[in-house]
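I'd like to ask some things about the structure below.
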Amino acid sequence: MADRFVTVSLTRRDVHCTARLLTDRAPLTCAAVWEALPLAGDVYHAKYARNEIYALFPPFASTEPPLENPTVTPIPGDLCYFSFTGTELGTRAYGYDREVRPGATLVDLALFYERNNLLLNGDVGWVPGIVWGQVVEGLEAMAEACNDLWRGGAAGETLSFRRA
């Protein structure tokens, strides 16, 4: 199978990067994400993981992918997939500007843009993610935009994923 690529964008900031899907390491996750594209949603900057931006989506896979190619220490350029129930995210401590219902399931698609990340949450402990893509072009500009997002705020910004 030929390599597949996605474009990850911060829409308002007009910044993009390109990532290669890791179909050899996370085939079920890559297939689920690929079939669901394009996806876009409000962007959030992580509070605990450190150098991470992400968007939340309703579940889009017919069944949730297993924990393939897991990590708790993502590196710059990793795209990660997480699945959470509303009870895991339904607290004001996470800063969401909308209600996250306790019974809901949410998919979190994340981009890690700098080093020294640790997926350890004070409320629930270790939170392994599925690494399903790796940025191959444009990470430096995206990292600058992510840092601006951290300092300047995420309100009004959209994180999008589409086939390249």
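Looking at the stretch 126-157 only, could you name the residues that are part of a strand (DSSP E or B) and either open to solvent by 20 Å² or more (accessible area, probe 1.4 Å) or among the basic types (K, R) (or both)?
Answer for the stretch 126-157, where residues must be part of a strand (DSSP E or B) and either open to solvent by 20 Å² or more (accessible area, probe 1.4 Å) or among the basic types (K, R) (or both): W126, Q134, V136, E137.
Now, a different point. Would a scan of the stretch 23-40 turn up a residue that is farther than 14 Å from Y81 by Cβ, touching a residue at least 12 places away in the same chain (Cβ under 8 Å) and among the basic types (K, R)?
No, every residue in the stretch 23-40 fails to be farther than 14 Å from Y81 by Cβ, touching a residue at least 12 places away in the same chain (Cβ under 8 Å) and among the basic types (K, R).
Something else now. Of the residues that make up the stretch 66-86, is at least one part of a loop (DSSP other than H, G, I, E, B) and free of Cβ contacts under 8 Å to residues at least 40 places away in the same chain?
Narrowing the stretch 66-86 to residues part of a loop (DSSP other than H, G, I, E, B): 66-69, 72-77.
Filter again for free of Cβ contacts under 8 Å to residues at least 40 places away in the same chain, leaving 66.
Yes, the stretch 66-86 contains at least one residue that is part of a loop (DSSP other than H, G, I, E, B) and free of Cβ contacts under 8 Å to residues at least 40 places away in the same chain.
Counting just the residues of the stretch 48-98 that are open to solvent by 20 Å² or more (accessible area, probe 1.4 Å) and at positive phi, which one comes out modelled with the lowest pLDDT?
The extreme case among them is G95.
The values are calculated or read from the model by the stated rules, or taken from the named source; none is laboratory data. Note that this is a predicted model, so its numbers are computed, not measured. Glycine gets a Cβ as well: all are built from the backbone with ideal geometry, and neighbour counts include every protein chain shown. These area figures cover heavy atoms from the full protein model, side chains too; ligands, DNA and RNA do not enter into them. Shrake-Rupley method; radii C 1.70, N 1.55, O 1.52, S 1.80 Å.
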